[in-house]
Amino acid sequence: MANKNVIYGINGPVVTVKNSTDFSMQEMVYVGNQKLIGEVIGIEEDTTTIQVYEETTGLSPRQPVISTKSPLSLTLGPGILTNIFDGIERPLRDIEKTSGAFMEKGSDIPALDLSKEWDVTVTAKVGDQLTGGSIYASCPETASIVHYIMVPPTLSGTVTFAADNGKYKVNDKILELTDQNGTVHPLTLCQRWPIRTPRPIANRLECTIPLITGQRVIDTMLPIAKGGTAAIPGGFGTGKTMTQHQLAKWCDADIIIYVGCGERGNEMTQVLDEFGDLIDPRTGKKLTDRTVLIANTSNMPVAAREASIYTGITLAEYYRDMGYDVAMMADSTSRWAEALREISGRLEEMPAEEGFPAYLPSRLSEFYERAGRVDTLCGKTGSVTVIGAVSPQGADFSEPVTQNTKRFTRCFWALDKSLAYARHYPAINWISSYSEYDIDLQRYFDENVDPNFMKCRSELIAILREENALMEIVKLIGEDVLPDDQKLVIEIARVIRVGFLQQNAYHKEDTYVPLKKQYKMMEIILYLYNIGKQLVTSGVPISKLVDKGLFDMLVKIKYEIENDHLEKFDQIKEQIDHAVTEIKSI
Amino acid sequence: MIIEHLGLSSISGSLVVLDNVLNASFEEMVELRLEDGSKRIGRIVQIDGQRVVIQVFEGTKGLSLVNTKTVLTGEPMKIALSREILGRIFNGVGTPIDGLGNIYPTARRNVNGSPINPVSREYPRNFIQTGISSIDCLTTLIRGQKLPIFSGSGMKHNELAVQIVRQAKIAGATDENFAVVFAAMGVKHDVADYFKRSFEEAGVLERVVMFLNLSDDPIIERIITPRCALTAAEYLAFTHNMHILVVMTDMTSYAEACREFSSSKGEIPGRKGYPGYLYSDLASLYERAGMIKGCSGSVTQLPILTMPNDDITHPVPDLTGYITEGQIVLDRQLDGVGVYPPVGILPSLSRLMKDGIGEGFTREDHSPLANQLFASYAKVQDARALASVIGEEELSAVDKKYIEFGKLFENRFLSQSPTESRSIEQTLDLGWELLSTLPKEELDRVDEKLLEQYYKPTNA
């Protein structure tokens, strides 16, 4: 009998079906003659509502809607890394091969390369008892990452067949697992997992290890932990994307999932171009070897944009389960929230603030709560760190997406328009930003960098706060009338701002700075500050110190001392001492 | 077999509703024939079973529930294209209005286009010299970029756009493969005439394709106008390998048309009454700029929008800024003191400039120089703010230098005649000359080597 479910109404990306009981919520369906991918998002007595992940132009009533009986899911297996997908895990490179430079509708291309053979080592033996999440095989996925093949979290049983080591394709049978009911489950190199369901874990751990990014303003002033969450809000042109790119390039995660959610096409091309040429400083291998890109540019269908965030986090969780530290960059979560609003509007739901649906906060918290550092089901430790850019309308941080994101993330890196206008990058405002991880991470810095690290950091913060207060006065009456000790604060704060916080992403040495150098830089700045304070109290005018060019020298150390020549800091110290003796001798 | 549907079920604003339609497809074009023989075209925007909602491009004036016959065309909106469109003038929906007859199409394209696969894009890196110092040096235009001009009513954005069109030199482009696509949305007759006249004077009229939807034309056509223009641009760029500069003015009128249309459909409004999908809608236009691998043509967009009340946080400039690769912001104050072009450089930005300048593109000192100019001009603003409180006399020596630098910068660097075209070398040298009026210690964005080569206080 022919399929009786047919399209009734069409309104943008929303399609309705009348009088059907065949569908369940969040089930994936194929819509129309071209088999466009859709998802059931509402079921009422007589109407089923479906959001379609592709352009709906050309759809007609009475075209078929085919149920798949499973929720929207991803194929997880080797071949994900180095790939670039759209919002629902369709490989863009393969789409290019079939449909050319302009994307066509209804392309049903498998997510992973089915013909590629992987060099598989099978670790499970016949008779082994395996539970959900345990590893039964592994294969090198790229030059730097080994892909562990795990039993799907919902399965467990006894191994009744195990293949030999060798070359296998993604869909080849590797293992047979017989569960307690006697049902035999053939396992391949891949598994499927619904994007909206978090993958299970053994238990959550405290976040006590920093995600080292090499960016001074982040690592030192506003650190983020592995497994943590951060929001980067900023108006257009303040450098959100630039900051995200820097983090994706340099942070010390094993795997990077970069989600371009409703952003510019050229930016994704840039990531593709640039990451292909860059070398991962830790492994010496290509940066693309640890990267997955999800590109759903702003002109691609809006429903797929809504899904792209979940696709990203599901991939991140999958690699976390293998015991990797994964960092996911989402640029930008505002576009995702707007996709929610757009679909909500089409459904004629009652809007809350600024037209956003009332469930915006719960969706945001569900998403950010999928981050964390955990014990995985296979007994390893892994983490998912989520860094979400937020694009507030009119750069107004009081709008709902920024405010709600603030509630569910623990780092807030606020990008500032006036800093960006003065080309101070990264334009993270050190006064209005915060990180709640500083206490959790104290022990790590004490043990691995220097016991004085946190002390120096708080001194730096104190100087910056004092400068901020002084600037209020300077704005009114000018700098000249300040007493010398306050002038010193202004001078040293300038060194901190220009020489420390400001970082040049295009400079060979400055684009990534190791923690040790960050500490040394802080130390030398504070050294000069303390000497300056002594001189000022003993009545030496501050102008004498300024004339020696010591402040300007410190501003330039970020370029002049190479990352692997930290002993040069001692020479700088000597120069300061030398200058001070000269001043005192006069 | 063609089915004619007699009459309409209801009419509201520019929307009409038709019942008992069996074979409608979403976004399909329809033809409405009136009793007097005239024809209007419309597009299906919503389907509910056998009931369809149609948006009528020329407006619903004169339509009644009984006097029309509606025919479904069976396909989405397409326009006829061929190389012969160069030099022609069309209305907002792509019908020729210059009296030279129809186009003999070699291709018919869907005006909605399709998104470019990010994998197939070529990252834009080629510098376009506009001959305007503020743009070339500080917000460099790159081939394949979308760089809007944020302006306000009464400022000289049209003059600036014309000057860019006249002077733009794309490395590797000859007159043969360079063309302009001009889309006017809701602009005044005078403005359209001004552009036409200017193109004529510049001798480029036969290389311009114009799509005109003037301010008294139906707003529904306005929603289609930029799509027609961009379809023509993509066709010329990617089928005929031409370099296309698309000038679209005024995007605010376009967004207002979207708002009017959305509210007549009864949709839930977002900020300031604009539809919630305005971002996606604008993106579907702006993202149609770029270059494609294996194709030598390019589409560069120069949209112009007027910020209502000069408010950059208004939804239209705000959403535009999030999609486009930077913006050129015109400043009312500079305009007031007679600086032309009145480019407010601090809020202006070109995101693609970093990869299209420097050695091999312009000159090795371009990027540090631009950074230094931005940083120094930002300090000028601080000095001025202070001067307005305590008076210029009381300022420190350094701050006085900044005030002086600010004046020079505005009068000599920003300001230039509408017919003056400066080469990039002239522009960069001028930048160094002005920076040389500041004390050397103040230049903290450039390294010693460059300072030695270019910092010449004696010349200042």
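The values are calculated or read from the model by the stated rules, or taken from the named source; none is laboratory data. Not measured: the values here are computed from a predicted model. Cβ sites come from the backbone with ideal geometry, for glycine too, and all protein chains shown count toward neighbours.
Among the residues making up segment A:15-32, those that are within 10 Å of chain B (Cβ to nearest Cβ) and in a strand (DSSP E or B) are A:Val15, A:Thr16, A:Lys18. Of everything in segment B:347-377, what is surrounded by fewer than 23 Cβ atoms within 10 Å (Cβ to Cβ), facing chain A (nearest Cβ under 8 Å) and in contact with a strand residue (DSSP E or B) (Cβ under 9 Å, 6 or more places away or on another chain)? Give them in sequence order. Those that are surrounded by fewer than 23 Cβ atoms within 10 Å (Cβ to Cβ), facing chain A (nearest Cβ under 8 Å) and in contact with a strand residue (DSSP E or B) (Cβ under 9 Å, 6 or more places away or on another chain): B:Pro347, B:Asp355. In the set A:Ala330, A:Ala295, A:Ala371, only one residue is under 26 Å from A:Phe275 (Cβ atoms), out of contact with any helix residue (DSSP H, G or I) (no Cβ under 7 Å at 6 or more places or on another chain) and touching a residue at least 40 places away in the same chain (Cβ under 8 Å); that residue is A:Ala371. Being touching a residue at least 60 places away in the same chain (Cβ under 8 Å), surrounded by 15 or more Cβ atoms within 10 Å (Cβ to Cβ), of a type in the set (Val, Ile, Thr) and part of a loop (DSSP other than H, G, I, E, B) holds for only one residue in A:Val495, A:Val513, and it is A:Val513. Checking each residue in segment B:295-322 for being within 13 Å of chain A (Cβ to nearest Cβ) and under 12 Å from the mean Cα position of the chain (by Cα) picks out B:Val299, B:Thr300, B:Gln301, B:Pro317, B:Thr320, B:Gly321.
For segment A:83-110, filtered to residues that are under 22 Å from the mean Cα position of the chain (by Cα) and without any contact (Cβ under 8 Å) to a residue 40 or more places away in the chain, the residue that is farthest from the other protein chains (Cβ to nearest Cβ) is A:Arg90. State whether one or more residues within segment A:278-287 are closer than 19 Å to A:Asp94 by Cβ and in the same structural domain as A:Ile428 (by TED's automatic domain parsing). No. Any residue that is acidic (Asp, Glu) and surrounded by fewer than 24 Cβ atoms within 10 Å (Cβ to Cβ) - is there at least one of those in segment A:288-309? Within segment A:288-309, one or more residues are acidic (Asp, Glu) and surrounded by fewer than 24 Cβ atoms within 10 Å (Cβ to Cβ). Only residues that are touching an Asp or Glu at 6+ places or on another chain (Cβ under 8 Å) and assigned to a strand (DSSP E or B) were counted in segment B:283-318, giving 7. All of A:Gln486, A:Gln503 fail the test of being more than 21 Å from A:Tyr559 (Cα to Cα), surrounded by 18 or more Cβ atoms within 10 Å (Cβ to Cβ), assigned by TED's automatic domain parsing to the domain that holds A:Ile576 and of a type outside the set (A, V, I, L, M), apart from A:Gln486. Is it the case that B:Ile403 is of a type in the set (A, V, I, L, M, F, W, C) and modelled with pLDDT of 90 or more? When the stated conditions are applied, B:Ile403 passes them. Taking the numbered list (1) modelled with pLDDT under 90; (2) within 14 Å of another protein chain (Cβ to nearest Cβ); (3) under 35 Å from the mean Cα position of the chain (by Cα) in turn, A:Lys35 passes all entries but (2).
Kindly check whether there is at least one residue in segment A:332-353 that is within 13 Å of the chain's Cα centre (by Cα) and not assigned by TED's automatic domain parsing to the domain that holds A:Val29. Yes, some residue in segment A:332-353 is within 13 Å of the chain's Cα centre (by Cα) and not assigned by TED's automatic domain parsing to the domain that holds A:Val29. Among the candidates B:Leu214, B:Leu205, the residue that is of a type outside the set (Gly, Ala, Ser), over 30 Å from A:Gln270 (Cα atoms), surrounded by fewer than 24 Cβ atoms within 10 Å (Cβ to Cβ) and in contact with a Phe, Trp or Tyr (Cβ under 6 Å, 6 or more places away or on another chain) is uniquely B:Leu205.
Determine whether A:Pro198 is in contact with a Lys or Arg (Cβ under 8 Å, 6 or more places away or on another chain) and in a loop (DSSP other than H, G, I, E, B). Before the answer, list the steps.
Values: in contact with a Lys or Arg (Cβ under 8 Å, 6 or more places away or on another chain): yes; in a loop (DSSP other than H, G, I, E, B): yes.
Answer is yes for this residue.
So, of the residues in segment A:50-82 that are within 14 Å of another protein chain (Cβ to nearest Cβ) and within 32 Å of the chain's Cα centre (by Cα), which turns out to be farthest from A:Ile309 (Cα to Cα)? Result: A:Thr56. Restricting A:Thr229, A:Thr208 to residues that are buried (at least 24 other Cβ atoms within 10 Å of the Cβ) and in contact (Cβ under 8 Å) with a residue 60 or more places away in the chain narrows the list to A:Thr229. Scanning segment A:248-267 for residues that are among the small types (Gly, Ala, Ser), out of contact with any Gly (no Cβ under 7 Å at 6 or more places or on another chain) and within 14 Å of chain B (Cβ to nearest Cβ), we see that the one that is surrounded by the most Cβ atoms within 10 Å (Cβ to Cβ) is A:Gly262.
Taking the conditions (1) away from every other protein chain (no Cβ under 14 Å); (2) assigned to a helix (DSSP H, G or I) in turn, A:Gln270 satisfies each one other than (1).
Kindly indicate whether any position in segment A:103-113 is at positive phi and either surrounded by 15 or more Cβ atoms within 10 Å (Cβ to Cβ) or acidic (Asp, Glu) (or both). Looking through segment A:103-113, at least one residue is at positive phi and either surrounded by 15 or more Cβ atoms within 10 Å (Cβ to Cβ) or acidic (Asp, Glu) (or both).
The residues of segment A:59-80 that are assigned to a loop (DSSP other than H, G, I, E, B) and surrounded by 17 or more Cβ atoms within 10 Å (Cβ to Cβ), listed by number, are A:Leu59, A:Ser60, A:Pro61, A:Gln63, A:Leu72, A:Gly77, A:Pro78, A:Gly79, A:Ile80. Among the residues of segment B:98-149, those identified as touching a residue at least 40 places away in the same chain (Cβ under 8 Å), within 12 Å of another protein chain (Cβ to nearest Cβ), over 18 Å from B:Val181 (Cα atoms) and not in a loop (DSSP other than H, G, I, E, B) are B:Ile116, B:Ser120, B:Arg121, B:Glu122, B:Leu138. On the stretch given as segment B:259-282, residues that are touching a residue at least 12 places away in the same chain (Cβ under 8 Å), part of a loop (DSSP other than H, G, I, E, B) and touching a strand residue (DSSP E or B) at 6+ places or on another chain (Cβ under 6 Å) total 0. For segment B:1-59, a tally of residues being away from chain A (no Cβ under 13 Å), in a loop (DSSP other than H, G, I, E, B) and surrounded by 16 or more Cβ atoms within 10 Å (Cβ to Cβ) returns 5. For segment A:170-195, the set of residues classified as of a type in the set (S, T, N, Q), part of a strand (DSSP E or B) and in contact (Cβ under 8 Å) with a residue 60 or more places away in the chain consists of A:Gln191 only.
If A:Gly394 meets every condition in (1) touching a residue at least 24 places away in the same chain (Cβ under 8 Å); (2) assigned by TED's automatic domain parsing to the domain that holds A:Gly239; (3) surrounded by fewer than 17 Cβ atoms within 10 Å (Cβ to Cβ); (4) more than 20 Å from the chain's Cα centre (by Cα) apart from one, which number is that one? All conditions are met except number (3).
Among the criteria (1) assigned by TED's automatic domain parsing to the domain that holds B:Trp432; (2) under 30 Å from A:Thr297 (Cα atoms), the one B:Gly326 does not fulfil is (1).
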